[in-house]
Protein chains: 2
Amino acid sequence: MNSAISPIPPLAIDYPAWVQTVVDWERAYTTDEERMRLAIRMSRENVERDTGGPFGAAVFELESGRLVAVGMNSVVRLNNCMLHGEGMAVMMAQSRLDCFTLRSDDGPAYELVTSCEPCAMCLGTTLWSGVRRLVCGAGRDDAVKLGFDEGPVFPESYAYLEARGIRVVHGMLRDEANAVLELYRARQGPIYNG
Amino acid sequence: MNSAISPIPPLAIDYPAWVQTVVDWERAYTTDEERMRLAIRMSRENVERDTGGPFGAAVFELESGRLVAVGMNSVVRLNNCMLHGEGMAVMMAQSRLDCFTLRSDDGPAYELVTSCEPCAMCLGTTLWSGVRRLVCGAGRDDAVKLGFDEGPVFPESYAYLEARGIRVVHGMLRDEANAVLELYRARQGPIYNG
């Protein structure tokens with residue numbers, strides 16, 4: 001077969017520069033609220049610094065509260081429709097831990113905390129990520145009200161995760177999380193794929 | 001706030017080296033069968049060269065058959081649970097076209113061809129990718145029979161895509177596609193996240 005050099009160089013996926021000055025990687029995030037506030041902080045900084053959509057997330061060790069990775073919507077910044085906040089957090093966590101799953105028989109358990117209930121893609125990502133717990137801030141309806149499509153997520157989708165041993169918590173600091181969606185609306189941020 | 005340098009360097013996502021010698025980027029893939037055979041070829045090479053799971057995909061210009069990007073399961077190779085064949089193809093296509101969506105009012109339409117029906121994550125990715133058509137080879141049942149979990153995908157999930165203007169074709173060269181799943185089983189390839 002005739003062949004040619006691939007026209008696509010390797011992708012580089014990185015954090016926006018502000019992560020270096022905003023995130024405290026050393027402290028333990030011991031309560032659900034502290035963890036959710038970090039996810040919301042990621043969403044808010046992303047909006048205020050014009051680096052992406054109003055969605056943030058973080059992966060923690062479930063017991064210790066050690067921060068493993070943060071994520072923030074980077075779809076437009078990096079021209080990549082998969083880089084929602086949750087996906088970015090999961091990819092970065094797996095890169096840091098050098099493993100394609102966060103689930104193991106002998107290591108710590110992990111959780112994904114997201115400032116908004118996941119879209120269909122990110123709900124699937126949650127399943128493959130290996131986390132044991134998913135904590136959500138704002139609701140699907142909040143995102144839809146803003147004009148974002150959340151895709152085919154049904155009650156059965158969450159039941160599927162629960163059946164695979166992933167506990168799901170909804171509405172953690174929902175008002176604080178939703179305030180960032182409202183901020184994005186007020187700033188007339190782009191509703192891509194709307 | 002105290003801060004520390006991010007402990008996570010940028011991710012690099014690249015093709016396995018064999019893509020350089022296997023893929024013909026110059027020819028037009030004019031029929032559905034030719035396009036699916038390329039997706040299946042990606043799955044087969046990935047298995048035979050031990051670079052990942054038995055799933056391949058490709059993005060084409062719908063009308064012309066111009067190849068934009070290929071994808072192959074790279075979950076284990078790159079320690080990243082999001083790098084299914086479809087996601088890899090979509091990310092690479094968006095990188096090449098320098099846009100976070102393949103849908104535009106004035107440009108060509110695109111399609112995603114995958115050697116196996118998408119999991120829940122990749123079905124969501126299909127929605128955000130901007131493709132107008134999704135063509136599947138092997139079926140969900142074929143992957144499940146092998147031990148792979150496909151996640152919460154329901155008939156309503158496909159209906160959701162169709163309602164958003166994405167045509168879906170199932171069972172294109174299913175036997176040829178499924179033969180690679182059988183090959184993977186015979187070689188006792190790892191069933192991660194099983």
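None of the figures in this text is laboratory data; all of them are computed from the coordinates on show. Please read all numbers here as calculations on a predicted model, not as lab measurements. No Cβ is skipped: glycine too gets one built from the backbone with ideal geometry, and neighbour counts run over all protein chains shown.
Quick one: if you take sqrt(5λ) for each eigenvalue of the C-alpha gyration tensor of region B:27-185, what semi-axes come out, biggest first, whole angstrom?
22, 17, 15
For chain B, what is the mean residue ellipticity at 222 nm derived from helices alone (per DSSP H run of n ≥ 4: -39500 (n - 2.57); sum divided by total residues; nearest 500 deg cm²/dmol)?
-11500 deg cm²/dmol
Counting DSSP beta bridges with both partners in the protein assembly as shown, what percentage is antiparallel, nearest 5?
Percentage antiparallel, nearest 5: 60.
Rounded to the nearest 20 debye, what is the charge dipole size of the protein assembly as shown about its Cα centre when +1 sits on each Lys and Arg Cβ and -1 on each Asp and Glu Cβ?
For the protein assembly as shown, the charge dipole is close to 240 debye.
Stokes-Einstein at 4 °C, 1.567 mPa s, Kirkwood radius from Cα pairs: D for the protein assembly as shown in µm² s⁻¹?
So the translational diffusion coefficient is about 63 µm²/s.
At residue A:147, with labels set 7 Å past Cα in the Cβ direction, how many nm apart are the copies from this one, shortest first?
4.8
Efficiency by 1/(1 + (r/R0)^6): what FRET value for residue A:17 and residue B:179, r their Cβ-Cβ distance, R0 = 56 Å, to the nearest 0.05?
Efficiency for this residue pair is about 0.70.
Could you give, in nm with one decimal, how far residue B:48 is from each other copy of that position, shortest first, with labels 7 Å out from Cα toward Cβ?
5.6
Are there GluC sites (Glu not before Pro) in region A:45-128 that DSSP marks as loop and that have at most 15 other Cβ atoms within 10 Å, and which are they?
Within region A:45-128, the qualifying GluC sites (Glu not before Pro) (loop, at most 15 other Cβ atoms within 10 Å) are A:63.
Can you divide the C-alpha Rg of region A:30-107 by 2.2 N^0.38 Å and report the result to two decimal places?
1.12
Once fully extended, how much extra length lies between residue A:24 and residue A:170, figured as 0.36 nm per residue of separation less the alpha-carbon to alpha-carbon distance?
50.0 nm
Give the percent of DSSP beta bridges with both residues in chain A that are antiparallel, rounded to the nearest 5.
Percent antiparallel among DSSP bridges in chain A is about 60.
Figure the gain on full extension for residue B:48 and residue B:104 (residue separation times 0.36 nm, minus the Cα-Cα span) and round it to one decimal in nm.
16.4 nm
Would you mind working out the magnitude of the charge dipole of region A:39-186 relative to its Cα centre, with +1 at each Lys and Arg C-beta and -1 at each Asp and Glu C-beta, to the nearest 20 Debye?
Taking the Cα centre of region A:39-186 as origin, the dipole is about 160 debye.
Report relative contact order for region B:27-185 in percent, whole number only (criteria: Cα-Cα under 8 Å, sequence separation at least 6).
Relative contact order of region B:27-185: 21 percent.
What length, rounded to one decimal in nm, is gained on full extension from residue B:162 through to residue B:188, with 0.36 nm per residue of separation minus their alpha-carbon distance?
Full extension from residue B:162 to residue B:188 adds 5.7 nm.
Inter-copy label distances at residue A:106, 7 Å along the Cα→beta-carbon direction, one decimal in nm, shortest first?
Sorted ascending, the copy-to-copy spacings read 6.0 nm.
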